[in-house]
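Q: Here it is: the structure, laid out below.
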Amino acid sequence: MRALGVDFGRKRIGVAVGESSPRACRPRPSLAASGSLGKDASAIADLAAREETEAVVVGVPENPDDDRQATICRRLADEIRSRGLDVRLVDESLTSLESHAAMADSGLKAAKRRRAVDGESACRILDRFFDSLPD
């Protein structure tokens, strides 16, 4: 299965394209968040069409301290779904921290990590989704 991973943020939207078999994921350049979920959903839907994906996987924080962000992510998923796409939700808790740590361990400098973290987090969202699929 080919899927588009989405790590929604108020300033940037991390995106990545991945394949379930063989397992592979490639971050794409982040999208600028527009401040409108409708516009952001359209941009994500356009990217999903260009990338010929079968599903869009939206990360939703399952941390009770981040209820507002979870609500926004679910609304974004609904907006994308209303454009006729298959949308799946995955817990995105700690993906940014995990991505920062992994990039730091690989020697990537802080400035480059800040630019790459959104796409790397979207890859982690896809990994969690692919892990949930039956074999």
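Q: So, in region 29-66, of the ones that are without any contact (Cβ under 8 Å) to a residue 40 or more places away in the chain and within 12 Å of the chain's Cα centre (by Cα), which residue ends up farthest from ILE125 (Cα to Cα)?
A: LEU31
Q: Mind telling me which of the residues ILE80, ILE125 ends up being of a type outside the set (S, T, N, Q), surrounded by 20 or more Cβ atoms within 10 Å (Cβ to Cβ) and at pLDDT 95 or above?
A: ILE80
Q: Something else now. Can you name the condition, by its number, that ARG10 falls short on among (1) surrounded by 13 or more Cβ atoms within 10 Å (Cβ to Cβ); (2) modelled with pLDDT under 95?
A: Here ARG10 meets the rest and fails (1).
Q: Just one of LEU37, LEU47 is buried (at least 17 other Cβ atoms within 10 Å of the Cβ), farther than 19 Å from ASP91 by Cβ and in contact with a Leu (Cβ under 6 Å, 6 or more places away or on another chain); which is it?
A: Being buried (at least 17 other Cβ atoms within 10 Å of the Cβ), farther than 19 Å from ASP91 by Cβ and in contact with a Leu (Cβ under 6 Å, 6 or more places away or on another chain) holds for just one of LEU37, LEU47, which is LEU37.
The values are calculated or read from the model by the stated rules, or taken from the named source; none is laboratory data. Because the structure is a prediction, the values reported are computed rather than measured. Glycine also receives a Cβ, built like all others from the backbone with ideal geometry; neighbour counts cover every protein chain displayed.
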